[in-house]
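Step one of this worksheet: look at the structure below.
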Amino acid sequence: MSLITNVMDHSLDDGYAEAATRKRAAGGTGGLPNTLRARLVLAGGLVLAALVVTLGAAQTHVAAPVVAKERQELIDRIDRETKDADRLQGDVDALRDDVGERQRVALRESGGSAGADLVGMLSGATAVHGPGVKLVVDDAKEADSGDGGTNPRQTADFSDTGRLRDRDLQRVVNGLWASGAEAVSVNGQRLTALSAIRAAGDAILVDNKPLVPPYTVLAVGDGQRLATRFQDGADGLYLHALEQNFGIRATISAEGDVRLPAAPSVIVRTAQPSTEKTEKGTS
Amino acid sequence: MIAVLGLVVGVVAGLLVRPEIPAVMEQYLPIAVVAALDAVFGGLRAMLDGIFDDKVFVVSFLCNVVVAALIVFLGDELGVGAQLSTGVVVVLGIRIFSNAAAIRRHVFRA
């Protein structure tokens, strides 16, 4: 407290008191300066003081709009670029659809035979339908308490055991193939020979598109038999264990007719077909 | 009269010339402003007390500004610039307040 008391008591510079004592000793009087020199010195000091205060105020007033302007410009740029990116993404999607459509048409025109249809179906280039199973897998109830399970990207908990992970979905899809599925789609994404199921953060990605739970896996195959074989197989048991231990919700049902869309695009960039005779037997 | 003229000249010069303040000095300006205000209020009070001295005023003003800037500079170098700035502002603020209170007593006798 003594520090504050000191500051309060000596708020006036001690120099004034000393100067006054000196003056009184010399016989002068205190108060305003009366010689020209003293007045000029005082004026000079006041000029400096006013200059500093004015500069401080001016600096703040000049700097504030500049900072705000730069900020606004940055925001505008971000908005603009985001809009551009969105537009380009839309273009990409439209073009991809176009390419896929043309590919399918070309395939139909050039092939025409049963072989081309078979290749199209197997590669996922054409939409298919037929009897099959519908498998709905969802995260455990408590796992999606955060945001209703609508956006896996927003949850930060990486080790949450109530969540279906990419490797679980891989095993499920693998089990369906192994049980005789002829075509598989996950949340409307047709799986092709080039599809990858992987994770980014907490989201499962199929062909680099993030999925939102619940995950609906559609498989074309021999309906009830496919379902039974899957459930009896190792991967069906694995899914069952997930249900039992972690509360993952899964329902499998045989459907009379499931419709699977075509894959957005089936593009092979580097592989070339081998035309040598020795290789022909493998195709 | 000359003193008032000096005040006006200072304000006008600051507004008209508006010199570019180097970026290095920019962060010391607010502290310098507070120090300058402290000196001005101190001078005003001394004048009302009848013990004003022009030399003391000018020297104390210059010294306050320089010392305040130095303290902040030192704090910046040591990584406690913000805290030291706060300290300087608190001390000078208390001085300004009590000087203002003294001036008020002189002017309003209350």
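Does the stretch A:166-173 contain at least one residue that is within 23 Å of A:MET121 (Cβ to Cβ) and either modelled with pLDDT under 85 or surrounded by fewer than 18 Cβ atoms within 10 Å (Cβ to Cβ) (or both)? Within the stretch A:166-173, one or more residues are within 23 Å of A:MET121 (Cβ to Cβ) and either modelled with pLDDT under 85 or surrounded by fewer than 18 Cβ atoms within 10 Å (Cβ to Cβ) (or both). Tell me, which residue of the stretch B:92-109 that is more than 12 Å from the chain's Cα centre (by Cα) and under 11 Å from A:VAL7 (Cβ atoms) is surrounded by the most Cβ atoms within 10 Å (Cβ to Cβ)? Among residues in the stretch B:92-109 that are more than 12 Å from the chain's Cα centre (by Cα) and under 11 Å from A:VAL7 (Cβ atoms), the one surrounded by the most Cβ atoms within 10 Å (Cβ to Cβ) is B:SER98.
Every residue, every condition in (1) within 20 Å of A:PRO261 (Cα to Cα); (2) within 19 Å of the chain's Cα centre (by Cα); (3) of a type in the set (Asp, Glu), yes or no:
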{"position": "A:ARG165", "(1), (2), (3)": "no, yes, no"}
{"position": "A:VAL173", "(1), (2), (3)": "yes, no, no"}
{"position": "A:VAL184", "(1), (2), (3)": "yes, no, no"}
{"position": "A:PRO214", "(1), (2), (3)": "yes, yes, no"}
{"position": "A:LEU218", "(1), (2), (3)": "yes, no, no"}
{"position": "A:ARG225", "(1), (2), (3)": "no, no, no"}
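Quick one: is A:THR216 under 18 Å from A:ILE248 (Cβ atoms) and at pLDDT 85 or above? Taking the combined requirement at face value, the residue satisfies it. Does at least one position in the stretch A:67-81 carry a residue that is outside any helix (DSSP H, G or I) and among the hydrophobic types (A, V, I, L, M, F, W, C)? Among the residues of the stretch A:67-81, not one is outside any helix (DSSP H, G or I) and among the hydrophobic types (A, V, I, L, M, F, W, C), which makes the answer no.
Selection of first residues in the stretch A:231-258 that are closer than 25 Å to A:ARG190 by Cβ and of second residues that are basic (Lys, Arg) and part of a helix (DSSP H, G or I), restricted to Cβ pairs under 7 Å at least 6 apart or on distinct chains, gives the following pairs, ordered by first then second residue: A:ASP235/A:ARG171; A:TYR238/A:ARG171. Being not basic (Lys, Arg) and not in a helix (DSSP H, G or I), is that true of even one residue in the stretch A:45-55? Within the stretch A:45-55, none of the residues are not basic (Lys, Arg) and not in a helix (DSSP H, G or I). Put simply, of B:VAL72, B:VAL66, B:VAL91 the only residue that is of a type outside the set (Ser, Thr, Tyr) and within 7 Å of chain A (Cβ to nearest Cβ) is B:VAL91. Tallying residues that are β-branched (Val, Ile, Thr), within 7 Å of chain A (Cβ to nearest Cβ) and exposed (fewer than 14 other Cβ atoms within 10 Å of the Cβ) within the stretch B:14-63 yields 0.
Here is a yes/no grid of residues against (1) under 14 Å from the mean Cα position of the chain (by Cα); (2) not acidic (Asp, Glu):
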| residue | (1), (2) |
| --- | --- |
| B:VAL8 | no, yes |
| B:MET25 | no, yes |
| B:TYR28 | yes, yes |
| B:ALA36 | yes, yes |
| B:VAL40 | yes, yes |
| B:ALA46 | no, yes |
| B:GLY50 | no, yes |
| B:ASP54 | no, no |
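The values are calculated or read from the model by the stated rules, or taken from the named source; none is laboratory data. As the structure is a computational prediction, the values presented were derived from the model and not from experiment. Every residue, glycine as well, gets a Cβ built from its backbone with ideal geometry; the counts of neighbours run over all protein chains shown.
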